[in-house]
Amino acid sequence: MLYLVGAVALDTAPFSIDEMERTASADFAVKPLLRNSPPVREFMGEGDDTITLSGQLLPERIGGLTELETLHGLRRAGQRLPVMRGDGRMLGWFVITEIRERHAQLGRSGIGGMLEHTLTLVKVDPAGASPALLGSLISLFGLL
């Protein structure tokens, strides 16, 4: 497993990713104090922490559409999800803000023989996490 987003495992097959990008920021209030001097910046807290996961699927050969639709459902529901890296490090709770798909080599069904995807996740406060989701994740980890 490369990453676990909620209960969806992102691995080399069937739902693969091959790139990860993380952007984290801090928020500062800018306060000009003296003329001809740089403004003072007051730390206001952590800014957005965004993870972007990209990869390719081969739906007709390997699959991956089920996992993609599951992620779309979680995005539509605004579900807060725990994200864990493959080495077991918990990265925090995130929501899926965007899923991009690019289908190439379209078949008669309209599904691409090769599908490039990008998931964008933004870190959130875990306070709104669903107890039902926590129970399902605990049972999932019990199976490992």
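General observations
- With at most 12 other Cβ atoms within 10 Å, longest stretch of the chain clear of loop trypsin sites (Lys or Arg not before Pro) (DSSP): 109-144
- Taking the helices alone, the chain has a mean residue ellipticity at 222 nm of -5500 deg cm²/dmol, built from -39,500 (n - 2.57) per DSSP H run of at least 4 residues and averaged over all its residues.
- The candidate values were [x] 15.7, 51; [y] 17.3, 55; [z] 19.1, 68; the one computed from these coordinates for Rg and Dmax of the Cα atoms in Å carries the label [z].
- Residues Met20, Met90 arranged by fewest to most Cβ contacts within 10 Å: Met90, Met20
- Nearest 10 degrees, 0 to 90: helix 65-77 Cα axis against the chain principal axis: 40
- The angle between the Cα long axis of helix 131-143 and the longest principal axis of the Cα atoms of the chain comes to about 60 degrees, rounded to the nearest 10.
- Amide N of the range 42-56 lying under 19 Å from the label point, which is placed 7 angstrom from the Cα of Phe28 along Cα→Cβ: 42-49
- Measuring r between the beta carbons of Ala104 and Met44 and using R0 = 41 Å, the FRET efficiency lands at 0.40.
The numbers here are math on the coordinates, done by the rules we state, and not lab data. Since we're looking at a predicted model, the values are computed, not measured. Please note: Cβ atoms are built from the backbone with ideal geometry, for glycine as well, and neighbour counts cover all protein chains shown.
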